[in-house]
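*Asks:* Pasting in a structure now, in structure tokens, and then I'll have a few things to ask.
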Amino acid sequence: MNTNGGKERLSAITTATLAALLLFAASARASFEDLGAGARGPGMGNAFTAIADDVYAIYYNPAGLALLARPELAAAYTQHLAGLSDGSGLNTSFLGYVYPLRRGNGALGAAMQNFSIDGSFYSERAFYLSYGRAAPKGLGLDGLYWGLNLKNLRRSFGSLPEASNAYNGLLATGAADPVLSGNSAVSAFDADFGLLYRLSKDYCAGLELLHLARPDMAFSSADTDRLPMHGKLGFGYGSMVSNITAQYETLSAPAGSRDHRLTMALERWFPWLLIGNIGARAALSVGSREFRQATAGLSYRAGRISVDYGFSMPINTIASTSGSHRLSFSVRFGPAKEEEKSVKMVLEAMRSIKTGKAPETGQVPESKAAIQVETLLKMASEAIEDSRYNEAVDMSEIALIHQPENLTALENLGISYFAMGNYYKSLKAWEKAYKIETNQARLAMIKSQIESVGDIINQHEGEAAAPAPPISAAKPGAAEVDAALVQKLYREGLDLYSAGELEKARAMFQKVLEADPANIPAANAVKRIQREHK
């Protein structure tokens, strides 16, 4: 009775469970599938190679460890494919810790991840020792980081009655099974390598190569079961409140060809919520052999603590499941870095404004206040782009408390108040900016804004003073509908102009003039855009 036959009998014993596992992994390999770690990364379809900005960088890209400024501890638990028809329990647990070294010498990490089927029936355990740091300055590549994982991999199965009563595919033979009665555990060393490159302040790229040692995880010495090398390449855009990333993966398929996978993911944080930071994310993955998967997740951060939830559902593969559910918890130690302090200051200052109390400024050193103002203005600009004008006003007003003559904050107020229909406050902000500005080109732009807003105010005052028009046979409410449409088009043009899409803004203002040829602000806006093009 040969060893391969013994493996077939082991598979026959757990047909439903292992079939579900293999379908879930999509690659149909024997062990150590890429099941993800924690809940945040899996909520993004595991497209985390180009982000890797928390303790789970140990798993997704060890180069990201160099970006961590504080020690971080995390624990996570996953229930894979809940509700399988055979009642199987597929679970993963994770425990990890990262400690940044002093003087820019990178960071060390250690982690343990364990995957099991029905408790001790079958398990895979990986121990990680990780290191990440910036590339040598001599290379002339600022923003490049590298990282390395050294791993010990161990897989095992429990004691089974079939070990002394082998199964030949149809019947029990009464003979010992050469696999089940032999070694019940195998271990080997492995390594991963990662690179992370910040192309600019907001754009980055990441590369991770897994299973560099291609360890042999076969239970029998007469067999071979080497893990295939797995490559991941990701590109991402990140701001203080959002991440957009695309990731491509490739590795050897069981039949000798190659598997490919592409994932698109989006993450958004909502720091304006005064109860803490709420995060939401989603991703869609497609790949070889009809692999399809949708994922989503939520997070809550308050101070040092983060709680994440992740959900994934295979598409068109497994019907009898309610998906995979993940929960992770992490805590950060030590003093916060400046960026985290700035976000905290934003939230506290916004809370003060909402409650009618002005935030205190005397206790903030001048250098730190400058960093905080820069953070505020960046978030205000993003709020304007998303048409969240109330929030842009709040953050710009907080910035003015620290820097009363900040031109960017005043311009934000002028744009936001105008979009909200508060023309008097918009005019006041533009007039104050005009008194401070020294650049002649910008002075001309601000002057044009003042004239446009003033014209609207005069027009509204003239309409209020004019006698009511006689009642005509026109359809009731028609004039109001037209005026509302003109105002809507004008605001859309303003949004496009604020976002820098000048051609689209000009086309929108032209629509305003088509509906209302006497609309002076729209005419001025068209002229201003034409001047900027020249």
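Taken together, the values in this text are just the output of simple stated rules run on the coordinates, not laboratory data. Remember, it's a predicted structure, so these values are computed and weren't measured experimentally. Virtual Cβ from ideal backbone geometry, glycine too; neighbours counted across all protein chains shown.
*Asks:* With a cut-off of at most 12 other beta carbons within 10 Å, and DSSP calling the residue loop, which chymotrypsin sites (Phe, Trp or Tyr not before Pro) in region 56-91 qualify? Please list them.
*Replies:* Taking region 56-91 and a limit of 12 other Cβ atoms within 10 Å, no loop chymotrypsin sites (Phe, Trp or Tyr not before Pro) are found.
*Asks:* Filter the trypsin sites (Lys or Arg not before Pro) in region 24-105 to those in DSSP coil with at most 16 other Cβ atoms within 10 Å of their Cβ, and list the result.
*Replies:* Sites meeting the loop and neighbour criteria: Arg102, Arg103.
*Asks:* Give me Lys432, Lys137 ranked fewest to most by other Cβ atoms within 10 Å of their Cβ, as a rough exposure proxy.
*Replies:* With the sparsest Cβ surroundings first, the list reads Lys137, Lys432.
*Asks:* So, one more: If I stretch the segment between Glu374 and Leu171 completely, what's the gain in nm (0.36 nm per residue apart, minus their alpha carbon distance), one decimal?
*Replies:* 65.7 nm
*Asks:* Sort Arg198, Arg214 by Cβ crowding within 10 Å, fewest neighbours at the top.
*Replies:* Arg214, Arg198
*Asks:* Right, another one. Under a plain spin-label model, where a point goes 7 Å from the Cα along Cα-to-Cβ, how far apart in nm are Arg268 and Gln79?
*Replies:* 2.9 nm
*Asks:* Turning to a different aspect of this structure: Report the extension gain between Asp223 and Leu485 in nm, rounded to one decimal, defined as 0.36 nm multiplied by the number of residues separating them, less their alpha carbon distance.
*Replies:* Roughly 86.9 nm would be gained on extension.
*Asks:* Among 312-318, 261-267, what's the highest-first ranking by average C-beta atoms within 10 angstrom per residue?
*Replies:* Packing order, densest peptide first, comes out as 261-267, 312-318.
*Asks:* I want to check the label-to-label distance for Ile278 and Ser322. Put each point 7 Å from Cα in the C-beta direction and report it in nm to one decimal.
*Replies:* Once both label points are built, they end up 2.3 nm from each other.
*Asks:* Expected output is a single nm value to one decimal: the length gained when fully extending between Glu501 and Leu95, i.e. 0.36 nm times separation in residues minus the C-alpha distance. What is it?
*Replies:* Additional length available on full extension: 141.5 nm.
*Asks:* Please give the net charge around Arg214, taking every other residue with its beta carbon less than 11 angstrom from that of Arg214, where Lys and Arg add +1 and Asp and Glu add -1.
*Replies:* Cβ neighbours under 11 Å give a net charge of -2.
*Asks:* Run the simple label-point estimate for Glu514 and His260 please: 7 Å along Cα→C-beta, distance reported in nm.
*Replies:* Placing both labels 7 Å beyond Cα along the Cβ direction yields 4.3 nm.
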